[in-house]
């Protein structure tokens with residue numbers, strides 16, 4: 001267990017959910033992550049990451065109404081929780097600080 | 001596939017939708033191939049997210065390595081591929097046929113809910129109804145949809161200039177047939193209820209096989225006219241490939257077109273015509289409920305004349321629509337599966353032993369890999385990759401072999417003409433799975449062989465003698481398995497060879513040359529009204545036929561010899577089973593067949609006319625029941641079962657033996673009864689031509705047409721029927737003989753490779769033994785015995801298995817041969833032992849002729 005922290009892949013997934021404007025589902029998430037990372041991503045790993053994120057309380061999911069184009073099947077919609085957003089921001093801030101340090105080191 | 005994934009039911013639906021959506025997106029963006037590849041990948045990823053990609057990456061390296069290795073050892077590789085592809089080809093061919101015959105079925109959708117409607121009345125159960133009865137049933141059925149079907153055959157011409165072809169199997173069906181069976185069309189449309197009232201030429205639906213083989217897959221086939229029997233018919237559709245109900249039917253016509261095809265009769269179908277009835281249960285109806293409802297409808301039907309029992313309905317989901325009885329299917333399937341299994345075990349054992357042999361020489365390589373940090377799992381994976389790679393190549397070769405073998409095997413087992421034997425998805429799946437299993441199994445063998453071995457000591461130079469005992473056990477087991485399986489296969493082949501000779505020398509008791517069964521090819525309804533009309537018509541026909549010069553005689557018989565039909569009863573079980581053949585004949589039948597009267601007399605004209613309870617019996621039957629006295633005047637013994645309601649006949653004569661059906665289970669017990677005028681509707685015309693007469697058959701056809709212009713006359717030669725029946729064991733002998741020879745070849749290849757590499761390892765030991773004073777003869781004896789010991793053990797096991805299998809296997813398959821035939825068994829063992837000795841002697845001699853000084857000097 002990584003506890004309350006985010007792994008790299010989980011971070012991508014979380015941000016993808018956010019970037020897609022919340023209330024999104026596995027298919028666009030997979031497409032997005034694949035496009036951004038530029039490497040083939042299996043849908044199984046997306047499910048796994050979403051599952052872990054949900055366990056940690058970083059995303060929330062709810063079933064949608066049945067959708068006609070999907071043969072009457074409903075889809076699971078994901079939304080980033082405030083705690084998820086906070087953790088991702090925190091991570092980003094840490095990274096930024098380090099990069100800044102590197103940047104300063106490089107200048108001197 | 002998704003059903004197997006580790007997901008909860010609710011999640012599965014969701015994942016299913018997701019995966020399909022992704023598939024659609026990818027197909028749009030990157031094409032179908034990419035989408036498929038990623039689809040498999042996604043499904044796999046549900047088990048272990050992310051992992052498959054990593055495995056794939058590494059496998060690329062493994063495969064490259066394997067390819068380099070194969071290039072260095074072409075001999076071993078070729079041997080393995082040859083062995084495995086032979087095995088896979090046989091297994092695939094056998095599976096294709098089983099697939100076509102058993103697994104694929106004929107395309108009835110949800111066949112459990114499409115039962116046959118059987119007609120029961122008193123103790124009699126029948127599969128046929130009269131057409132008028134069917135109409136009544138269809139009208140009254142509320143819990144199921146009732147449909148009718150007549151199976152028949154007629155010659156079909158697709159172009160006016162095409163020559164007459166043999167009869168094509170077809171079914172005359174009621175309008176809801178396709179709806180009830182679930183048959184769909186790929187071109188045009190299927191029948192609808194309204195098609196029974198067609199106008200103009202009758203509509204016809206073609207089978208996929210017919211469309212491909214006779215019409216060259218004509219894309220604009222709908223609307224085309226073909227000639228069926230005596231009528232033109234308009235094509236309205238082509239059924240999809242997997243649909244061939246019933247019995248590989250080639251064409252479907254409306255049931256109302258029956259008379260048009262055979263008689264060009266204005267009346268569309270006679271109300272007394274016999275039809276088979278089946279049904280499709282309504283979605284909410286149960287079998288018992290539908291049965292009760294339909295029985296209520298049937299109770300209102302007029303009773304069978306002469307009985308007082310009301311007609312009732314029994315629904316049987318296991319029969320009708322050309323379904324083979326489950327037990328027959330199971331025994332075919334079991335037999336084929338047994339053969340497939342044996343051949344595959346053999347091929348795998350063979351590949352495994354070749355790979356083990358190769359692995360012995362690769363100990364050093366494995367040592368190096370281990371020393372460089374490869375984990376044991378990694379090394380095992382390398383070995384498995386190698387053998388799977390071999391398997392894939394072998395599968396490709398095997399598939400080509402199977403394509404070539406399937407039609408041959410199909411002919412051998414007398415597959416019906418309409419059956420589509422070409423491999424389908426099932427077959428490819430089977431081949432894929434088997435290849436994977438065989439590859440993994442064969443690859444694990446050397447890994448198992450190498451388990452517990454110190455991988456480091458081989459590195460310490462080739463002086464170190466690593467002696468172990470466990471691996472030898474595996475090698476022995478492999479050799480043993482191969483020997484045992486080979487013996488089993490060869491015993492079967494030998495049995496069929498002997499059966500061939502036995503059948504060829506069987507005396508059928510009559511001269512089949514010049515005997516023909518004449519199919520008038522006109523509906524019996526055209527004969528005129530009632531029994532008298534039929535009798536008059538037959539009298540005219542026989543008089544006309546007998547007046548043809550070159551015709552020795554013509555007569556009526558219920559069951560012509562070797563015409564495919566039979567009526568028999570059996571008493572007793574197992575080896576005491578006794579079959580008695582029944583037939584009804586006219587008095588002239590015996591003279592025509594050349595059957596002599598040994599005692600008593602044949603039927604008189606009065607006896608035939610009155611349907612007197614009299615019978616003639618065969619000599620053997622007479623001897624069996626009355627060994628020391630005359631059976632004349634006695635009643636037929638009570639332990640020979642008769643059809644119900646028949647009085648036990650009095651024996652008035654004894655005639656010489658004949659065998660008229662089923663050469664593989666020949667029985668000389670025969671009972672002949674008179675074919676009375678009321679039964680002449682069941683009569684078949686037989687003629688014997690005088691020796692040397694030419695063109696008689698055509699003249700007979702011509703004469704018959706003068707009587708009945710609408711007749712579609714055909715002839716079946718009794719001699720041909722007999723030849724076909726006698727040819728069956730020869731076919732089976734060839735088939736199992738080829739498999740047996742392949743088995744021996746595989747066994748010898750494996751044994752040679754294994755012996756060569758094992759003995760190669762022991763060169764040093766041989767040198768020491770020589771130096772210590774052993775003679776070359778001693779060495780040869782020692783090595784030969786050690787190499788042959790597992791073979792001998794395997795032969796013993798195989799012989800035991802053959803004896804055991806003999807008890808289990810249906811005895812009828814062996815044409816009266818005991819599977820425990822000592823000669824076949826001994827022959828098989830000798831053949832295999834000689835082959836094994838040849839395989840062992842070459843490497844052994846090489847090892848024994850080693851130069852002791854040179855070997856010892858080297859170390």
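The values are calculated or read from the model by the stated rules, or taken from the named source; none is laboratory data. Quick caveat: nothing in here was measured; it's all calculated off a predicted structure. Cβ coordinates were reconstructed from backbone atoms using ideal geometry, including for glycine residues, and neighbour counts include every protein chain displayed.
Note on the range A:1-16: residues that are more than 9 Å from chain B (Cβ to nearest Cβ) and closer than 26 Å to residue B:36 by Cα amount to 3. Listed by position, the helices (runs of 4 or more DSSP H) enclosed by the range B:339-458 that each have at least 1 residues that are within 27 Å of the chain's Cα centre (by Cα) and at pLDDT below 75 are B:376-412, B:425-449.
Of B:33, B:88, B:39, all but one fail to be within 14 Å of chain A (Cβ to nearest Cβ), under 40 Å from the mean Cα position of the chain (by Cα), at negative phi and at pLDDT 75 or above; the exception is B:39. A single member of B:262, B:258 is closer than 29 Å to residue B:118 by Cα, in the same structural domain as residue B:176 (by TED's automatic domain parsing) and at pLDDT 80 or above, and it is B:258. Exactly one residue among B:318, B:306, B:322 is closer than 30 Å to residue B:156 by Cβ, modelled with pLDDT under 75 and assigned to a loop (DSSP other than H, G, I, E, B), and that residue is B:322. Within the set B:244, B:290, the sole residue that is within 30 Å of the chain's Cα centre (by Cα) and crowded, with 21+ Cβ neighbours inside 10 Å turns out to be B:244. Just one of the listed residues (B:76, B:81) is buried (at least 16 other Cβ atoms within 10 Å of the Cβ), over 30 Å from residue B:147 (Cβ atoms), modelled with pLDDT under 75 and away from chain A (no Cβ under 14 Å), namely B:76. Going through (1) under 11 Å from the mean Cα position of the chain (by Cα); (2) crowded, with 19+ Cβ neighbours inside 10 Å one by one, residue A:48 falls short only on (1).
Looking at the range B:604-652 only, could you name the residues that are in contact with a helix residue (DSSP H, G or I) (Cβ under 9 Å, 6 or more places away or on another chain) and within 20 Å of residue B:555 (Cβ to Cβ)? The answer is B:608, B:609, B:611, B:612, B:614, B:616, B:617, B:652. Annotation: of all residues in the range A:67-83 being more than 10 Å from chain B (Cβ to nearest Cβ) and surrounded by fewer than 19 Cβ atoms within 10 Å (Cβ to Cβ), the one that is modelled with the lowest pLDDT is A:68. Across the range B:832-859, the qualifying residues are those that are modelled with pLDDT of 75 or more and in contact with a helix residue (DSSP H, G or I) (Cβ under 6 Å, 6 or more places away or on another chain), and the one among them that is surrounded by the fewest Cβ atoms within 10 Å (Cβ to Cβ) is B:835.
Filtering the range A:24-44 to residues that are more than 10 Å from chain B (Cβ to nearest Cβ), within 15 Å of residue B:42 (Cβ to Cβ) and modelled with pLDDT under 85 leaves nothing.
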